[in-house]
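Engineer: Okay, handing you the structure first.
The values are calculated or read from the model by the stated rules, or taken from the named source; none is laboratory data. The shown structure was predicted, so the numbers you read here are calculated from the model rather than taken from an experiment. Because the Cβ atoms are built from the backbone with ideal geometry, glycine has one as well, and the counts that use them run over all protein chains shown. All accessible areas refer to the heavy atoms of the entire protein, side chains included, with ligands and DNA or RNA removed. Shrake-Rupley method; radii C 1.70, N 1.55, O 1.52, S 1.80 Å.
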Amino acid sequence: MFFGAKVPSVGYAVYHVSPASEEGRSSDLKVTNSSLENARYRVQLNSDGDVSSVYDKQLKKELLSSPIRLAISNDKPKVYPAWNMDFDQEQAAPRAYVSGPAQVRIKEQGPVRISLEVTRETEGSKFVQTIRLSAGDSGNRVEFGNAIDWKTLSANLKAAFPLSASNK
């Protein structure tokens, strides 16, 4: 269980934690199997398990131009295969995206933080992605966590965040 703590910068605070008589709820945290919402953001998942929308309520603007995806690219360099990437392979379009049937579950549904867990398998590797939103000042960001059981050969993985903002 989490709680919202106030700690001064370069300081400390002491808290006594005891059972509550009733569970506190934050009215601005909402979670379903396809969405997360706090006071700042509304996050939507599509049927593939990809984040398809991050709407900033303060800016009144959609932050994504297309879904956030995990891209798998070829990685078979001519020399130093342990640490080198060939430029043409790095610049090429991905050979695949993490897809497959997505298993989505609500991982956290507390008064301070909510999260969704998306599990998928592609090219022999297993991908477990956690998307989190928090209440209060911690809610000014969307958190992503990835746990990957990597078994895909001659490949690398990139998280692609296609933002709607541009600067020529």
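Engineer: Being assigned to a strand (DSSP E or B) and buried (at least 17 other Cβ atoms within 10 Å of the Cβ) is the filter here, so list the residues in region 39-52 that pass it.
Structural biologist: The answer is 41, 43, 44, 45, 51, 52.
Engineer: Exactly one of these conditions fails for residue 121: (1) out of contact with any Pro (no Cβ under 9 Å at 6 or more places or on another chain); (2) modelled with pLDDT of 95 or more; (3) over 18 Å from residue 31 (Cα atoms); (4) open to solvent by 30 Å² or more (accessible area, probe 1.4 Å). Give me its number.
Structural biologist: The single condition residue 121 does not satisfy is (1).
Engineer: Identify all residues within region 140-160 that are open to solvent by 100 Å² or more (accessible area, probe 1.4 Å) and closer than 17 Å to residue 127 by Cα; write none if there are none.
Structural biologist: 151, 153, 158
Engineer: A follow-up question, please. Hey, among 126, 168, which residue is open to solvent by 30 Å² or more (accessible area, probe 1.4 Å), over 19 Å from residue 29 (Cβ atoms) and modelled with pLDDT of 90 or more?
Structural biologist: 126
Engineer: Which is at pLDDT 95 or above and exposed (fewer than 13 other Cβ atoms within 10 Å of the Cβ), of 30, 57, 61?
Structural biologist: 61 is the lone residue from the list that is at pLDDT 95 or above and exposed (fewer than 13 other Cβ atoms within 10 Å of the Cβ).
Engineer: Would you mention how many residues in region 70-102 are surrounded by fewer than 17 Cβ atoms within 10 Å (Cβ to Cβ), closer than 19 Å to residue 46 by Cα and of a type in the set (A, V, I, L, M, F, W, C)?
Structural biologist: Of the residues in region 70-102, 2 are surrounded by fewer than 17 Cβ atoms within 10 Å (Cβ to Cβ), closer than 19 Å to residue 46 by Cα and of a type in the set (A, V, I, L, M, F, W, C).
Engineer: Now, a different point. Does region 105-116 contain any residue that is on the phi > 0 side of the Ramachandran plot and small (Gly, Ala, Ser)?
Structural biologist: no
Engineer: Can residue 105 be described as open to solvent by 90 Å² or more (accessible area, probe 1.4 Å) and over 16 Å from residue 157 (Cα atoms)?
Structural biologist: yes
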